[in-house]
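Everything below concerns the one structure shown next.
Please treat every number below as a calculation from the coordinates, not as lab data. None of these values were measured; they are calculated from a predicted model. Note: ideal-geometry Cβ built from the backbone for every residue, glycine included; neighbour counts use all protein chains shown.
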Amino acid sequence: MADYKQLKSRIDDGEVIVLDGAIGTELQAMGVPMDPASWCGPGNYTHPATVRQMHERYIKAGADIITTNTFNTLRPALEASGYNDLVREINVRSVDAAIEARDRAAGDRQVYIAGSISCRIPVRDRRTGTLLGGTGYGYGASLSAEELRSYTDEQADILAESGVDFFLMENMWADNESRVIATEAAMATGLPVWVAFTASLAPDEETVRLSLGDDRNYSTRMGMPMFTSSWRTVDYDMTLSDGIDEITALSPDVIGVFHSRLDETTAALQVVLDRWSGPIVIYPDAGREDYLEVWQDSLVDNEDSTAGLTQEADIWVEMGAQVIGTCCGFGVDYIKALSGALPERVSSPRRFA
């Protein structure tokens, strides 16, 4: 049985750890239909065998950590999709699928389960009540801090009870208040917490922001509002440095960069190195524009090849990142390539506090 203390010891000893790859887009490519409000979340209930098989593929590809399919399974997202009575069931099944995959595929290897928490809250048009979506443009800031805290507390408790080894805070984009709220909810369970940031370069090509780049403004391209006057305030110009400083005050276990393009990830990593002394996780995305489609066109290739990714990953490890994986659009083939190309150890590990 894997134990987080073992993972911590491996990182402290300088071992390079492989995180898994894309969850939602991998399930999308495997035939699981995506829901407009909760995207890949309902797949834990409707396609549990496929979710389990997805995890098995990553383990066989060399992943040391697999991530639960709970990116978009907070109560508001599932309720908007009609799963009002299945919030606990869908979250529990996500962990069950990961545990079963580990039991079936890990063999003698130690594989750890990260419980993903995000704040993708569906947004409704105030005039018509029409659901606008929850994956590309819904934010935790559309709820009061008190409401969001209750939902993240609920999910964190369910995932902890179900058997995750630690938590991985994911998509809050520029909404750092939601990131803080979710991180505090996860920490309240007593389990270790890793926190990841999205990042992009500002127009000055130097400042690293928390928000995605302007070329990936999903809401504008879809003709949907990114925020309304009823939302909690979000500083879309917040720098990554400022966001990291707010999170480090909570004393997480690991900080990192995810869901960002390769070049922006490298720039963001340098900011993390400057602001954080502990271990770092890196998992970039492929920059595809079909994340929000019900089905993914398997004939559309990623811009970045496996060779391009592994080349950048070597740079990240040399810079000081020790846990490397991938995000949206970079699936099993990319993790297999990383697993075979990354060095086994680093000479100067960044130790846990």
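Annotations for the structure displayed:
- Cβ-defined net charge surrounding Met319, 15 Å radius [Lys, Arg +1; Asp, Glu -1]: -4
- Here segment 29-88 is treated with +1 on each Lys and Arg Cβ and -1 on each Asp and Glu Cβ, and its dipole about the Cα centre works out to around 140 debye.
- Here the dipole of segment 1-127 is about 380 debye; that uses its Cα centre as origin and unit charges on the Cβ of Lys and Arg (positive) and Asp and Glu (negative).
- Multiplying the residue separation of Thr207 and Arg351 by 0.36 nm and removing their Cα-Cα distance gives an extension gain of 49.1 nm.
- The mean sequence separation of alpha-carbon pairs under 8 Å and at least six residues apart, normalised by the residue count of segment 54-113, gives a relative contact order of 52 percent.
- Computed from label points 7 Å out along Cα-Cβ, the spacing between Glu344 and Glu303 is 3.7 nm.
- Proximal lysines relative to Lys336, as straight alpha-carbon distance under 20 Å, when same-chain residues fewer than 8 apart are discounted: Lys60
- Taking the Cα centre of the chain as reference, the dipole from Cβ charges on Lys and Arg (+1) and Asp and Glu (-1) amounts to some 680 debye.
- Extreme residue, positive dipole direction of the chain, given options Thr306, Met54, Val281 (C-beta unit charges): Met54
- Computed over the chain: relative contact order in percent, which uses C-alpha pairs under 8 Å that are six or more apart: 22
- Per residue, the convex hull volume that the Cα atoms of the chain enclose (Å³): 121
- Isotropically averaged projected area of segment 1-108, using the convex hull of Cα atoms (one quarter of hull area), nm²: 7.1
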